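To start, the structure under review is shown below, and the notes come after it.
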Amino acid sequence: MSRSGVARPITLHGTPVLHTHCQPVTDFDNDLAKLVDDMFTSMYAAHGVGLAANQIGVGLRVFVYDCPDASGDHQVGHVVNPVLKPVSALAGTTTDTEGCLSVPGPQTPLR
């Protein structure tokens, strides 16, 4: 997927922005659109499947993703001001591994 964004460096574990609450987005404008484009470009450059804004040093509640579903079709999108639901609200299970771009290397099994 081609994006017009700029790949920004991935923020690594230990950086303060990763340890503070992200602020809600209040302005839905061109700056937000550019941030989303930069996030996708940064995620692809790092070979990730999901990226939060604080992982490129921006303390806002924004998340982008591009990952395959159970049938192998890529689900691509972005979420602004996400709210997490309890695990019981999620559909399906998987047996895969997961890592974090801000903590390079370690993987953990998903159940």
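The values are calculated or read from the model by the stated rules, or taken from the named source; none is laboratory data. None of these values were measured; they are calculated from a predicted model. A quick note on method: Cβ atoms are made from the backbone with ideal geometry, for glycine too, and the neighbour counts reach across all protein chains shown. Areas reflect the complete protein model, heavy atoms only, side chains present, ligands, DNA and RNA absent. Shrake-Rupley method; radii C 1.70, N 1.55, O 1.52, S 1.80 Å.
Structure values in brief
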read-out: G5 free of Cβ contacts under 8 Å to residues at least 60 places away in the same chain and either surrounded by 13 or more Cβ atoms within 10 Å (Cβ to Cβ) or touching a Pro at 6+ places or on another chain (Cβ under 6 Å) (or both); value: yes
read-out: Filtered residue count, the stretch 51-72, keeping only those that are open to solvent by less than 90 Å² (accessible area, probe 1.4 Å), part of a loop (DSSP other than H, G, I, E, B) and either modelled with pLDDT of 90 or more or not charged (D, E, K, R) (or both); value: 5
read-out: Qualifying residue in the stretch 81-88 (condition: open to solvent by less than 70 Å² (accessible area, probe 1.4 Å) and modelled with pLDDT of 95 or more); value: yes
read-out: Every residue from the stretch 14-35 that is surrounded by 13 or more Cβ atoms within 10 Å (Cβ to Cβ) and assigned to a loop (DSSP other than H, G, I, E, B); value: T15, C22, V25
read-out: Flag if D38 is of a type in the set (D, E, K, R) and open to solvent by less than 90 Å² (accessible area, probe 1.4 Å); value: yes
